Protein chains: 2
Amino acid sequence: MSLIDKLERFLSTRGLKMTSQRKVILETLESIPYHVTLDELLVAVQQNRSGVGQATIYRTMKLFVEAEIVEEHRFDDGITRYEIYEEGEHHDHLICLSCGKIIEFEDELIEERQNAIAEQFGIRITTHKMELYGHCVDIKACRAHKQNS
Amino acid sequence: MSLIDKLERFLSTRGLKMTSQRKVILETLESIPYHVTLDELLVAVQQNRSGVGQATIYRTMKLFVEAEIVEEHRFDDGITRYEIYEEGEHHDHLICLSCGKIIEFEDELIEERQNAIAEQFGIRITTHKMELYGHCVDIKACRAHKQNS
DNA sequence: GTGCTTGCAAACTGTTTGCAACTAA
DNA sequence: TTAGTTGCAAACAGTTTGCAAGCAC
């Protein structure tokens, strides 16, 4: 099922409407690699269709989060980023504080352990957030990555 | 070494000054249990000594973070919280989304695993953040906790 | 036509900053 | 005396919201 279909389905179950803005935003999102900033998204969307207000982007992204079309991340720099949500594909993040590179990873062992710990404290986990911050060991590649972003 | 001593030492190494505001803020912090909000702290400080501006609280907390007197946490509700820093006592957080209870925990196994993963991706970890969000299994206790906060 | 959506600008929240007065050393 | 510090208010960044006009169904 394409994301447009997913969106259409979501909207109709709620009595909401499909609009050209929502379509453009979704298409733009799909064309951009992971972890877009709202600002980046705004600029990109306006290249596809000028006159889309930023309030619309904000509202639409909240809607997309509800529709499970995107996932929202707020890392320590305070800037909210979005990426397309993949069913059952939870992952965590590894972030280089020098160059800003964001790496995704997944670890079965840690997840299990988290659940065990939570259970021990009488809490059932619904979501979690794990971010590892550090610095690239390869200084050259790090510097190069910084230039490009 | 008391925290006041620690602060004094930190200030002198930087050529900064001890002031009555810094003293009051630190004393107030020590009298409050974990995870204070800036607002809560402001109110509490002003009960001890009126006329302390909120800008001073903000500036002082940043200073205390640098001095390793407090630790700063920004959980998903977007509100920054502080707690007194304990040397070598890193811990993560388990948060009930129903009642707001915050539990601290520490897990050697997870930490090791995190380092292994980071190394694999060529990054040396300096800090990390792990927050587990869920709901208390004991509904009664949960409701009671919510009342009190 | 009805009611959801949009763009704009204004409002809001949490935080930072410029500045003149003040104070620790 | 002199440089750091404070309180105030204004500035800021990111986000939300009220509203009249516009558009999907």
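Just so you know, all these numbers are worked out from the coordinates, no wet-lab data involved. Because the structure is predicted, anything quoted here is derived from the model rather than measured. Here the Cβ is made from the backbone with ideal geometry for all residues, glycine too, and neighbour counts use every protein chain on show.
Once you list every other residue whose beta carbon is under 15 Å from the beta carbon of A:Ile139, what net charge do they have if Lys and Arg are +1 and Asp and Glu are -1?
It works out to a net charge of +4.
Which semi-axis lengths, in whole Å and largest first, follow from the square roots of five times the eigenvalues of the Cα gyration tensor of the protein assembly as shown?
37, 24, 23
Remind me, relative contact order of region B:12-107 in percent, using alpha carbon pairs under 8 angstrom and six or more residues apart?
The value is 23 percent.
Taking each residue of B:100-112 in turn, how many C-beta atoms of other protein chains fall within 10 Å of its C-beta, and what is the average?
3
Debye calculation, C-alpha points only, no solvent: report log10 I(q)/I(0) for region B:25-149 at q = 0.09, 0.18, 0.21 Å⁻¹, in the same order as the q values.
Those come out to -0.33, -1.09, -1.26, one per q.
Take the alpha-carbon positions of region B:5-58, form their convex hull, and give its projected area averaged over all directions (one quarter of the hull surface) in nm².
With the hull built on Cα positions only, its mean projection is 3.9 nm².
Which whole number gives the average count of other chain Cβ atoms within 10 Å of the Cβ atoms across peptide B:92-98?
Counting Cβ atoms of other protein chains within 10 Å of each residue's Cβ and averaging gives 4.
Name the most mobile residue of A:Glu108, A:Glu87, A:Glu71, meaning the one with the largest mean-square fluctuation, in a Gaussian network model of chain A with Cα contacts below 10 Å.
In this elastic network of chain A, the residue with the biggest mean-square fluctuation among A:Glu108, A:Glu87, A:Glu71 is A:Glu108.
Measuring from label point to label point, each 7 Å out along Cα→Cβ, what is the A:Glu112 to B:Leu38 span in nm?
Simple spin-label model gives 4.2 nm for this pair.
Run through every distinct alpha carbon pair of region A:92-148 and return the Kirkwood hydrodynamic radius in angstroms, one decimal place.
Here the Kirkwood hydrodynamic radius works out to 13.2 Å.
Just B:Leu11, B:Leu132, B:Leu109 to compare: in a GNM of chain B, with alpha carbon springs under 10 Å, which one fluctuates most?
Of B:Leu11, B:Leu132, B:Leu109, the most mobile in the Gaussian network model is B:Leu109.
Most mobile of B:Glu104, B:Glu112, B:Glu86 per a Gaussian network model of chain B (Cα springs, under 10 Å)?
Result for chain B, Cα springs under 10 Å: B:Glu112 fluctuates most.
Under a point spin-label approximation (7 Å from Cα along Cα-to-Cβ), what is the A:His73-A:Val137 distance to one decimal in nm?
2.1
Aspartates and glutamates near A:Lys17 by alpha-carbon distance under 16 Å, same-chain residues fewer than 8 away left out - which ones?
Partners found: A:Asp5, A:Glu8, A:Glu66.
How much length is gained if the chain between B:Ser2 and B:Gln54 is pulled fully straight, taking 0.36 nm per residue apart and subtracting their Cα-Cα distance, in nm to one decimal?
Here the answer is 16.2 nm.
Quick check for me: using +1 on Lys/Arg Cβ and -1 on Asp/Glu Cβ, what's the dipole size of the protein assembly as shown about its Cα centre, in debye to the nearest 20?
So the magnitude is around 1640 debye.
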